[in-house]
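Undergrad: Once you've had a glance at the structure underneath, I'll fire off some questions.
The values are calculated or read from the model by the stated rules, or taken from the named source; none is laboratory data. Keep in mind it's a predicted model, so treat the numbers as computed, not measured. All Cβ positions, glycine included, derive from the backbone under ideal geometry; neighbour counts span all protein chains shown. Just so you know, the surface numbers come from the protein's heavy atoms only, side chains and all, with ligands and any DNA or RNA stripped out. Shrake-Rupley method; radii C 1.70, N 1.55, O 1.52, S 1.80 Å.
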Amino acid sequence: MSSLWIIEFTILFATLTFLLYKYSTRKYDYFKKRNVYYVKPIPFFGSMFPVSTMKTTVGEWLRDLYNSIDKPYFGIFVFDDPYIIVKSPELIKSILVKDFNKFTDRTILAPKHNQIVSNMMFIQKSPDWKRIRSKMTPVFTSGKLKGMFPLINEVGFELNKYVRKNLGKLESKELSAKFSTDVIAKCAFAINAHSFDLENAEFRLIGKSFFDFTWRNGLIQTAYFFKPGWADFLRLEFFEKWAFTSLKNIFWNTIKNREGINTKNNDLIDILVEIRKNDKLSKELNFDGDKALALAMTFFSAGFETTSSTIAFTLYELCLQPQIQERLRKEIKDNIKQHNGITYEGLQEMKYLEMCIYETLRKYPVLPFLDRRCNEDYKLPGTDFVIEKGMPVYIPMMGLHYDDHYFPKPEIYDPERFSDKNTFNQKGLYFIPFGEGPRICIGERFGMLGVKVGLSHILSEFVLERIPETPVPIKFEPRSFFRDLYKSIDEPYFGIFIFDDPYVIIKSPELVKHVLVKDFNKFSDRNILAPKHNELVSSIMPMQKGTEWKRIRSKMTPVFSSGKLKLMFPLINDVGLELKKYVKENLGKIESKELCAKFSTDVVAKCAFAINANSFQKEKAEFLQIGKALFDFTMRNGLAQAAYFLKPNWANFFHLEFFDKSVVTVLKEIFWNAIRKREQSSIKGNDLIDTLVDIMKNKELCRELNFDETKALAQAITFFAGGYETTSSIISFTLYELCLQPEIQERLREEIKDNIKQHNGITYDGLHEMKYLEMCIFETLRKYPVLPFLDRKCNEDYRLPGTDFVIEEGMPILVPMIGLHYDEQYFPKPEIYDPERFSGKNAVNEKGLCYLPFGEGPRNCIGERFGMLGVKVGLTYILSEFLLERLPETPVPIKFSPKGVLPQSIGGLPIGFRKLQASPA
């Protein structure tokens, strides 16, 4: 009996082992089938055997791969999943910037079982991430940071006091961690952490628990990045519960204390208290206790490690190089003498200090890799390889920063590399210590300020010396990430496996261009989900698929014909008059983005919903708030919409809603009130409502289109999306450029005034005659495209030109529009705003598609002409009567917010508006 049991157990064990083997290796032919170079996997471990057995760190492993593999991209297997490692700076630029909309989210898990962690901005998914990012970005503006400077500087004095008491051998990492902890405690939690006074200060222990390596942290946080499904199923906690509970108690005690008094402290708590007091904003953001704490956690994570590690590694390098240390000390002491102390303004003037910090960030980036997830099939430009929807993409930052092609003698600490920082990243992205694109680290400037304060205080009073215990070179613990992989693989693209899923990493910029532009006809559908559980959302034109999209598009295209737009012109012109009136009443400093959003909202309200939105009369007009709720980033929008792009099957299975139901309900009521009124009258409004009423009256056409009430409302929302952001964004960025360039502004004004005089006013025909106005708009669209990328899904197997790689049916594709628009091969000196580029617009795309602000082909933006008309009307009214002036607050250059796909300036775009003097008779 017992021997039979042993035999049965042995057979069962062998069977299970075989099944596990087959399961773990089932994807190992992924890259081979696609002719992508990849690191040979080992069953169960994938390509990560050296890391899994603790023989090396992930960073060193990736660096070795980077050095040994001469490909722009290559594949690895993380356990049983394929990953793509991208080495090529051009491809990286496409992924992070040009085609960001194809790679909007990080791969890390946003756990359903922990709302605090899932709402941390680093982890949040779109569109929640975008909405919260937009609200939190002001915390990191220059003005806010200047307000926080005294808090940080106080910690700097405590730092020096501690060093004076402990002269001799000091552990620089722990010293820097104490400083960073106290800075975060003051600025994000409004407490004195006393890290320099108490060896086991509570806040310092919490920080260690969160960020220091332990086996528990290492395993769980690795699962969050590489096996999010497992982490979610097992309900693993990213942080230890005791530390979480302690931090939560500290946070809420601080909030209650601040709410009970009226003082301002210029910190994060001020912002959160203001949001909590604003019932409407709090409701809009679904801003509960978890989300408030999550934002404080975001602040912690955004500033802690950046400040701590950057100071520590800079001190280390300076102790090894006395000449660099002395030069930096001289700059600091001269600056302190000039400004009578360490000041916010003085810190910004120290060029060599910034050069040293950048060099530290090159040698010791806070993270050794960046991660993104492809949200639709994407063909790498210049190759036949398609990154399939859902595939993780990793960028080996450590490898890039140590590539001697970009940084000669990369092991040497040389701040002179950054004497002219603007020379970097011109032909792709290879210096990305804070990431790049809309999802760049939100705490970059806060972290940099803390680093500058800490280094200035130390170097102004102390000499750093190498001692026998100082490690030369540094030996990193085996827990970093993708550094060596990137450097060892020299391919334009390559594959990796993350557990059982294949990933493609793209390095070559040329491949990105091929994927996005040349074979559009193979990629007719977008990647985003058309949910079966929500007919309204699935009927919105950008989400529609195949023949249904084509059929509806053909019926809606006449709405945007020249004839229809000419009839709509009086409606748009009415809003132009309101715009002019509003500016007259608010001369001086005006936030141009908000001004243009009001104009855009009222135009869409009139033309698509047949109502007067009154955005210029009411600060919180209902329709303006609806627009913000639909299109601005919020946590709810972020999570649901991320699933639509990245995990559409999950979104469908769980019946996730793309838009907030309450907002859609209000919009639906407005829409159907407009429809009923129009049906009951015989008056034509020359707007979208007319077209929809005509379709709905035609029963035969309704049957042909399967056109019901839901589809009618969907077209109104499509109209909203087609015109709202386009009009608002283009006008505001054009006004910005014109305020900086008076000669261009005056030339355009002269054309406008001559045209108005010729046509006895602003007219539809007159607008189309203004060539220079159109040239300026085209140049704005080049510098500030509404979206940085175009997305498509491959609808049939497609062989990349010049390669043997086939993009399989269903794989998402991204076209990095922003990269094409800034390629000096097509647009010399692309950073300069020069409307003359478009004096012969037809020549721009003669040899392919390099300029495509509205997309191209049958699926180009249906609202292009409507948006352009609104832009022309708005600009004409403003420039015919007002002079635009640069203010001290006008950002030059623009510092773009990394909060979302759409280009937005941190701190807005304040511009001076002055009434033009009447011309003498």
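Undergrad: Could you list, in sequence order, all residues of the range 392-416 that are outside any helix (DSSP H, G or I) and modelled with pLDDT under 85? Break it down stepwise before answering.
TA: Taking the range 392-416 and keeping what is outside any helix (DSSP H, G or I), we get 392-396, 402-414.
Matches in the range 392-416: Pro392, Val393, Tyr394, Ile395, Pro396.
Undergrad: Sticking with this one: Considering only the range 255-268, I want to know if a residue exists there that is open to solvent by 10 Å² or more (accessible area, probe 1.4 Å) and under 30 Å from Ser126 (Cα atoms). Step through it out loud before you land on a result.
TA: Within the range 255-268, the subset open to solvent by 10 Å² or more (accessible area, probe 1.4 Å) is 256-266.
Adding the requirement that they be under 30 Å from Ser126 (Cα atoms) leaves 266.
Yes - at least one qualifying residue is present in the range 255-268.
Every residue, every condition in (1) open to solvent by 30 Å² or more (accessible area, probe 1.4 Å); (2) modelled with pLDDT under 75; (3) aromatic (Phe, Trp, Tyr); (4) touching an Asp or Glu at 6+ places or on another chain (Cβ under 8 Å), yes or no:
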position	(1), (2), (3), (4)
Ile813	no, yes, no, yes
Arg837	yes, no, no, yes
Pro858	yes, yes, no, no
Ile862	no, no, no, no
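Undergrad: Taking Asp182, is it out of contact with any strand residue (DSSP E or B) (no Cβ under 9 Å at 6 or more places or on another chain) and part of a loop (DSSP other than H, G, I, E, B)?
TA: Values: out of contact with any strand residue (DSSP E or B) (no Cβ under 9 Å at 6 or more places or on another chain): yes; part of a loop (DSSP other than H, G, I, E, B): no.
Answer is no for this residue.
Undergrad: Quick test for you: out of Ala651, Ala716, pick the one residue that is surrounded by 22 or more Cβ atoms within 10 Å (Cβ to Cβ), closer than 30 Å to Asp232 by Cα and at pLDDT below 80.
TA: Values: Ala716 fails: closer than 30 Å to Asp232 by Cα.
Criteria check complete, one pass: Ala651.
Undergrad: Name the one entry in Ile311, Ile342, Ile336 that is open to solvent by 10 Å² or more (accessible area, probe 1.4 Å), at negative phi, aliphatic (A, V, I, L, M) and not in a loop (DSSP other than H, G, I, E, B). Quick ask: steps written out before the conclusion?
TA: On the way: Ile311 fails: open to solvent by 10 Å² or more (accessible area, probe 1.4 Å); Ile342 fails: not in a loop (DSSP other than H, G, I, E, B).
Of the residues listed, the single one that is open to solvent by 10 Å² or more (accessible area, probe 1.4 Å), at negative phi, aliphatic (A, V, I, L, M) and not in a loop (DSSP other than H, G, I, E, B) is Ile336.
Undergrad: I'm trying to understand the selection: among the residues of the range 346-366, which are outside any helix (DSSP H, G or I) and open to solvent by 20 Å² or more (accessible area, probe 1.4 Å)?
TA: Of all residues in the range 346-366, those outside any helix (DSSP H, G or I) come to 350, 364-366.
Within the range 346-366, Val366 is the sole residue that qualifies.
Undergrad: Here is a further query. Would you check if Leu328 is in contact with a helix residue (DSSP H, G or I) (Cβ under 6 Å, 6 or more places away or on another chain) and under 26 Å from Ile412 (Cα atoms)? Before the answer, list the steps.
TA: Numbers: in contact with a helix residue (DSSP H, G or I) (Cβ under 6 Å, 6 or more places away or on another chain): yes; under 26 Å from Ile412 (Cα atoms): yes.
For Leu328, the condition - in contact with a helix residue (DSSP H, G or I) (Cβ under 6 Å, 6 or more places away or on another chain) and under 26 Å from Ile412 (Cα atoms) - is met.
Undergrad: Just one of the numbered conditions (1) without any contact (Cβ under 8 Å) to a residue 60 or more places away in the chain; (2) open to solvent by 60 Å² or more (accessible area, probe 1.4 Å); (3) under 33 Å from the mean Cα position of the chain (by Cα) is not true of Lys178; which one?
TA: (2)
Undergrad: Whether any residue in the range 874-892 is open to solvent by 50 Å² or more (accessible area, probe 1.4 Å), in a loop (DSSP other than H, G, I, E, B) and modelled with pLDDT under 80 is what I want to check. Don't jump to the end; show me each part of the working.
TA: Residues of the range 874-892 that are open to solvent by 50 Å² or more (accessible area, probe 1.4 Å), as a first pass: 885-886, 888-889, 892.
Cutting the leftovers down to in a loop (DSSP other than H, G, I, E, B) gives us 886, 888-889, 892.
From what's left, modelled with pLDDT under 80: 892.
Looking through the range 874-892, at least one residue is open to solvent by 50 Å² or more (accessible area, probe 1.4 Å), in a loop (DSSP other than H, G, I, E, B) and modelled with pLDDT under 80.
Undergrad: Given the conditions (1) within 22 Å of Ile311 (Cβ to Cβ); (2) touching a helix residue (DSSP H, G or I) at 6+ places or on another chain (Cβ under 8 Å); (3) open to solvent by 20 Å² or more (accessible area, probe 1.4 Å), and given that Ile412 satisfies all but one, which numbered condition is not satisfied?
TA: Unmet for Ile412, out of (1) within 22 Å of Ile311 (Cβ to Cβ); (2) touching a helix residue (DSSP H, G or I) at 6+ places or on another chain (Cβ under 8 Å); (3) open to solvent by 20 Å² or more (accessible area, probe 1.4 Å): (2).
Undergrad: Sticking with this one: Within the range 137-155, is even one residue over 32 Å from the mean Cα position of the chain (by Cα) and either closer than 29 Å to Asp105 by Cβ or open to solvent by 20 Å² or more (accessible area, probe 1.4 Å) (or both)?
TA: Our first condition is that a residue be over 32 Å from the mean Cα position of the chain (by Cα); within the range 137-155, this holds for 154.
With either closer than 29 Å to Asp105 by Cβ or open to solvent by 20 Å² or more (accessible area, probe 1.4 Å) (or both) added as a condition, the list becomes 154.
Looking through the range 137-155, at least one residue is over 32 Å from the mean Cα position of the chain (by Cα) and either closer than 29 Å to Asp105 by Cβ or open to solvent by 20 Å² or more (accessible area, probe 1.4 Å) (or both).
Undergrad: Among the residues of the range 367-382, which ones are open to solvent by 10 Å² or more (accessible area, probe 1.4 Å), assigned to a loop (DSSP other than H, G, I, E, B) and either more than 25 Å from Tyr224 (Cα to Cα) or touching a Gly at 6+ places or on another chain (Cβ under 6 Å) (or both)? Full working, then the answer.
TA: The first filter runs over the range 367-382 and keeps only residues open to solvent by 10 Å² or more (accessible area, probe 1.4 Å), leaving 367-370, 373, 382.
If we keep only those that are assigned to a loop (DSSP other than H, G, I, E, B) as well, we get 367-369, 382.
Passing the criteria: Pro368, Gly382.
Undergrad: Tell me, please, whether a residue that is open to solvent by 10 Å² or more (accessible area, probe 1.4 Å) and without any contact (Cβ under 8 Å) to a residue 40 or more places away in the chain can be found in the range 562-574. Even if it seems obvious, please write down each step before you answer.
TA: Going residue by residue through the range 562-574, those that are open to solvent by 10 Å² or more (accessible area, probe 1.4 Å) are 562-564, 566-567, 569-571, 573-574.
Retained after the next criterion (residues that are without any contact (Cβ under 8 Å) to a residue 40 or more places away in the chain): 563, 574.
The answer is yes; a qualifying residue exists.
Undergrad: Suppose we keep only residues that are among the basic types (Lys, Arg) and part of a loop (DSSP other than H, G, I, E, B) within the range 446-494. Which one would you say is modelled with the lowest pLDDT?
TA: The qualifying residue modelled with the lowest pLDDT is Arg479.
Undergrad: Could you please find all residues in the range 45-71 being assigned to a loop (DSSP other than H, G, I, E, B) and either surrounded by fewer than 23 Cβ atoms within 10 Å (Cβ to Cβ) or at pLDDT below 85 (or both)?
TA: Phe45, Ser47, Met48, Thr53, Met54, Lys55, Thr56, Thr57, Ile69, Asp70, listed by residue number.
Undergrad: Which condition from (1) farther than 24 Å from Glu465 by Cα; (2) open to solvent by less than 40 Å² (accessible area, probe 1.4 Å); (3) modelled with pLDDT of 85 or more is the one that Phe196 breaks?
TA: (1)
Undergrad: Tell me, which residue of the range 675-689 that is open to solvent by 10 Å² or more (accessible area, probe 1.4 Å) and in a helix (DSSP H, G or I) is farthest from Ala712 (Cα to Cα)?
TA: Looking only at the range 675-689, we keep the residues that are open to solvent by 10 Å² or more (accessible area, probe 1.4 Å), and these are 676-686.
Among the residues that remain, those that are also in a helix (DSSP H, G or I) are: 676-680.
On the way: Arg676: 13, Lys677: 15, Arg678: 14, Glu679: 14, Gln680: 17 Å.
If we take residues in the range 675-689 being open to solvent by 10 Å² or more (accessible area, probe 1.4 Å) and in a helix (DSSP H, G or I), then Gln680 is farthest from Ala712 (Cα to Cα).
To keep it simple, each residue is scored yes or no on (1) small (Gly, Ala, Ser); (2) modelled with pLDDT of 80 or more; (3) under 30 Å from the mean Cα position of the chain (by Cα); (4) part of a helix (DSSP H, G or I).
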residue	(1), (2), (3), (4)
Phe733	no, yes, yes, yes
Leu738	no, yes, yes, yes
Asp754	no, yes, no, yes
Leu767	no, yes, no, yes
Glu774	no, yes, yes, yes
Phe778	no, yes, yes, yes
Gly810	yes, no, yes, no
Glu824	no, no, yes, no
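Undergrad: Filter the range 603-622 down to the residues that are assigned to a helix (DSSP H, G or I), at pLDDT 85 or above and open to solvent by 10 Å² or more (accessible area, probe 1.4 Å) and list them by number.
TA: Correct list: Lys606 only.
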